[in-house]
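Since the structure comes first, as structure tokens, the remarks are kept for the end.
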Amino acid sequence: MQKNQYSQLFSVLLMFLLIVGGILFVFPLRENVEVLGLERDAAMASLVSIQTEHDAMALLSDEVSKSAGAKQTLLTAVPANLGQDRLILELADIAVKAGFDLNAMNFSASFDQTYGNKLVVATNFAGQADDLIDFLKALENADRLLQVKTLNVQLTSSSDIAFNLNIEAYYQ
């Protein structure tokens, strides 16, 4: 029976040591668990902040690329210099595509308080009356910003017309 008593005493002692060892081992680790939990929460907050910043940067990147495209369109519509040579070629090309002959063209540069630098262009064209609307639509869709100020149309025969246009083209 004594052997059985030693076994029970040994079991109780072993259980006591396990409990004391567990307490001594777990309590210090509990503080580490709390610290690690706080660090995890801080890391998650940082991740959310970084993700939000990344999303904002992605939107900004999209805006920058759109702005670059818009800037190029504006620079084409309102070039940095007079660009008379390109304007002559563009007007002549529009006239030919619409079936008109460009007979004369006069330029004068001026400044408008509202619109800034502008180039006033007086032109004379000849062609078919049926093509006039298509010609004016082509002017509206030109790469360079053009504004028709006056239009004077004269019928030269039953279907032929001659017309004068005063156009404003803008530059920086």
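The values are calculated or read from the model by the stated rules, or taken from the named source; none is laboratory data. In this text the structure is predicted, and so the values were computed from the model without any measurement. Note: ideal-geometry Cβ built from the backbone for every residue, glycine included; neighbour counts use all protein chains shown.
Taking the criterion of being in contact with a Leu (Cβ under 7 Å, 6 or more places away or on another chain), hydroxyl-bearing (Ser, Thr, Tyr) and at pLDDT 85 or above, would at least one residue in region 45-62 satisfy it? Write out each step before concluding.
Of the residues in region 45-62, the ones in contact with a Leu (Cβ under 7 Å, 6 or more places away or on another chain) are none.
No, that holds for no residue.
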Revision key, fill the gap. When region 108-145 is checked residue by residue, the ones that are at pLDDT below 85 and either surrounded by 11 or more Cβ atoms within 10 Å (Cβ to Cβ) or not assigned by TED's automatic domain parsing to the domain that holds LEU165 (or both) are ALA109, ASP112, TYR115, GLY116, ASN117, LYS118, LEU119, ALA142, ASP143, ARG144, LEU145
Exercise for review: Hey, can you tell me all the residues within region 89-116 that are among the small types (Gly, Ala, Ser) and closer than 28 Å to ILE133 by Cβ?
Suggested key: ALA92, ALA95, ALA98, GLY99, ALA104, SER108
**Study point:** Those residues of region 78-107 which are in contact (Cβ under 8 Å) with a residue 60 or more places away in the chain and exposed (fewer than 14 other Cβ atoms within 10 Å of the Cβ), in sequence order
**Key:** ALA80, ASN81
